[in-house]
1. Scan region 77-90 and tell me whether some residue there is surrounded by fewer than 16 Cβ atoms within 10 Å (Cβ to Cβ), within 22 Å of Val168 (Cα to Cα) and of a type outside the set (Asp, Glu).
2. Please go through region 167-198 and give me each residue that is among the polar types (S, T, N, Q), in a helix (DSSP H, G or I) and either in contact (Cβ under 8 Å) with a residue 40 or more places away in the chain or over 17 Å from Leu64 (Cα atoms) (or both), ordered by number.
3. Specify the residue that is farthest from Gly54 (Cα to Cα); the eligible residues are those in region 108-145 that are modelled with pLDDT of 95 or more and hydroxyl-bearing (Ser, Thr, Tyr).
4. Would a scan of region 157-166 turn up a residue that is of a type in the set (Phe, Trp, Tyr) and crowded, with 22+ Cβ neighbours inside 10 Å?
5. Out of all the residues in region 84-107, is one or more hydrophobic (A, V, I, L, M, F, W, C) and more than 24 Å from Ile40 (Cβ to Cβ)?
6. In region 37-156, which helices (runs of 4 or more DSSP H) lie fully inside it and hold 3 or more residues that are touching a residue at least 60 places away in the same chain (Cβ under 8 Å)?
Amino acid sequence: MQSNMENEVESSYKGKDQATGIKAWFTPKMIAYNSIVAAIYVVLTVVCFYASYGLLNFRISEILNILVFFNPAYIIGLTVGCLISNAFGLLLSMAGPWDLLIGTGATLIGCLAMIPCKHLLIATFMPVISNAVIVGAELTWLMELVTPNLWWVAMGYVFLGEFLIISVVGYIIFFIIGMKNKPFLKTLNATKNLNFAW
């Protein structure tokens, strides 16, 4: 059951004519928001490119995945941003062509897995796990780490980077802002989890 605070924030920007379901993902407002998110994702990744690619990476832009917890429509901007960032990685010789498909797919799967989550902390683990398993397997294959034990090592490195960025730094940032500044959720065009607990 929604609290008064949640209802107040929600009703402050939900009009009678607002699109619902998947249609809400493609309103002019969300197209603009997703364009901005994709651009921010690319800029953060490319500016910090030394930390954004490789076996152990700390891709700061991955913090933006948490936006999906509040509005699933952000999956579009994040997926496009990840795809473009991986394309830049290819141009910079810091990522392979397979990363365009596999790395971007890992982000997409992680974001999709966040949709049913009701707790922010649990939601942060969805992209962490998907990237660790999928990108870890990709790196094992590309680096020809042929033994299963080395796959666990690759997965562990990817997990560590994603965990620190999303489940530690990202969680703290969004928890503090989300709990202390409800109007911030309105600015994000949040459609769910407006009154999350943890």
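The values are calculated or read from the model by the stated rules, or taken from the named source; none is laboratory data. The structure displayed is predicted, hence computed values, not measured ones. Glycine gets a Cβ as well: all are built from the backbone with ideal geometry, and neighbour counts include every protein chain shown.
1. Looking through region 77-90, none of the residues is surrounded by fewer than 16 Cβ atoms within 10 Å (Cβ to Cβ), within 22 Å of Val168 (Cα to Cα) and of a type outside the set (Asp, Glu).
2. Result: Ser167, single match.
3. For region 108-145, the residue satisfying everything is Thr124.
4. From region 157-166, those of a type in the set (Phe, Trp, Tyr) are 157, 159, 163; that's our starting set.
Those left that are additionally crowded, with 22+ Cβ neighbours inside 10 Å: none.
No, because not a single residue in region 157-166 is of a type in the set (Phe, Trp, Tyr) and crowded, with 22+ Cβ neighbours inside 10 Å.
5. Yes, the conditions are met somewhere in region 84-107.
6. Once the helices (runs of 4 or more DSSP H) in region 37-156 are filtered for at least 3 residues that are touching a residue at least 60 places away in the same chain (Cβ under 8 Å), what remains is 67-70, 120-142.
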